[in-house]
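Computed from the coordinates by the stated procedures, all read-outs in this text should not be read as laboratory data. Bear in mind that the values here come from a model prediction, so they are computed numbers and not experimental data. Backbone-built Cβ (ideal geometry, glycine too); neighbour counts: all protein chains shown.
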Amino acid sequence: MAHNVDLPRHRYCYVIEAAVIHGGSQEKTLPCVWWGMSATPGRMFGCHILLESGAMVVDLPLHALRHQPDATQRWKPWEAQRWDGYGWHMETYEPAYLSDLRCRVLSEDHRDITEVGELWFAIDHVRDGYSLEPGQHKIHWVVALRGGVFTCVPQDMVLVHELSFTKPGPIPRIKRQDKIWSCE
């Protein structure tokens, strides 16, 4: 896996004009195609986009993107992404079963529901100390929230709503994996 990766499929969305145009407005969005991402240890993931002008912009923070054109609310970096990248290598994927399902995003202490949205795709680090340690490894989910903004949270902060199977109730206290399993 590499530092730069494709999204599982490109997504049409919007970017805050001020993030990509000198003198641009914080209150205006521009259409874009989100096609890729990058990972750098200790930094937010970088989002790679194509503008209608044909200009490519790389390494935008997630809080600069919107999935609704009128969503211009100020979104702080830590609201858009909970953890910095912890390795150079990552992969993105979109499990068919979970794609675009409604979900609830939990607070950092896993006790309250803070947001509701839809799962877009997952980001997983590979080949670093954190992803190799069962108690630390987390898959990050990009969620399109109801307010038109995105968040990227680890899987232990997401509760999926799948009408044919899940039965929403109290927030479960999920046990972290703490062993490396092997059959030999």
Would you mind checking the range 77-91 for residues with the amide N under 13 Å from a putative spin-label position 7 Å along Cα→C-beta of I139? 91
Expressed as a whole number of Å, what is the distance separating the alpha-carbon centroids of the range 144-164 and the range 1-78? 19 Å
Output the relative contact order of the chain, whole-number percent, from Cα pairs under 8 angstrom with separation of 6+ residues. 18 percent
Counting only residues 5 or more places away or on other chains, whose amide H sits under 5 Å from the amide H of M90 once H atoms are built in the peptide plane? A2, V126
Once phi is turned into ³J(HN,Hα) by the Karplus curve 6.51 cos²θ - 1.76 cosθ + 1.60 with θ = phi - 60°, what whole-Hz value does each residue of the range 65-78 show in order, with x for glycine and proline? 9, 9, 10, 10, x, 8, 8, 10, 4, 6, 10, 6, x, 6
Tell me the label-point distance for the pair T166, N4, using the 7 Å Cα-to-Cβ offset, in nm and rounded to one decimal. 3.5 nm
With charges set only on the Cβ (+1 for Lys and Arg, -1 for Asp and Glu), what does the dipole of the range 53-184 come to about its Cα centre, in debye to the nearest 20? 400 debye
Looking at the range 80-165, which trypsin sites (Lys or Arg not before Pro) are in a loop (DSSP not H, G, I, E or B) and have at most 11 other Cβ atoms within 10 Å? R111, R127
In nm, give the distance between the simple-model label positions of V116 and R146, each being 7 Å from the Cα along the Cα-to-Cβ direction. 0.4 nm
Work out the length of the dipole vector of the range 90-151 about its Cα centre, built from +1 on the beta-carbon of each Lys and Arg and -1 on the beta-carbon of each Asp and Glu, and round it to the nearest 20 debye. 140 debye
Out of M90, H48, S107, whose Cα points farthest toward the positive end of the dipole of the range 40-113 (charges: +1 Lys, Arg; -1 Asp, Glu; placed on Cβ)? S107
Provide Rg and Dmax in Å for the range 141-181, with only Cα atoms included in the calculation. 13.4, 41
The relative contact order of the range 131-184, taking Cα pairs under 8 Å that sit 6 or more residues apart, comes to a percentage of 35 percent
Under the rule of at least 5 residues apart or a separate chain, name every residue whose amide H is placed under 5 Å from the amide H of R43. G85
Using 0.36 nm per residue of separation minus the Cα-Cα distance, give me the extension gain between K175 and Y97 in nm, one decimal. 25.8 nm
For a quick check, take a GNM of the chain with Cα springs below 10 Å and name the residue from Y97, Y14, Y86 with the largest mean-square fluctuation. Y97
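What value in Å³ per residue do you get for the convex hull of the alpha-carbon atoms in the range 71-184? Please list the in-between numbers first.
Numbers: hull volume 15.8 nm³, N = 114.
Considering the Cα atoms of the range 71-184, their hull volume per residue is 139 Å³.
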Output wanted: per-residue J couplings in Hz (rounded whole) for the range 85-91, from phi through Karplus 6.51 cos²θ - 1.76 cosθ + 1.60, θ = phi - 60°, x for Gly and Pro. x, 10, x, 7, 10, 8, 9
So which lysines can K76 reach, going by Cα to Cα under 21 Å and dropping same-chain residues fewer than 8 places off? K28
In the range 33-99, the GluC sites (Glu not before Pro) that sit in a DSSP loop and have at most 10 other Cβ atoms within 10 Å of their own Cβ are E52
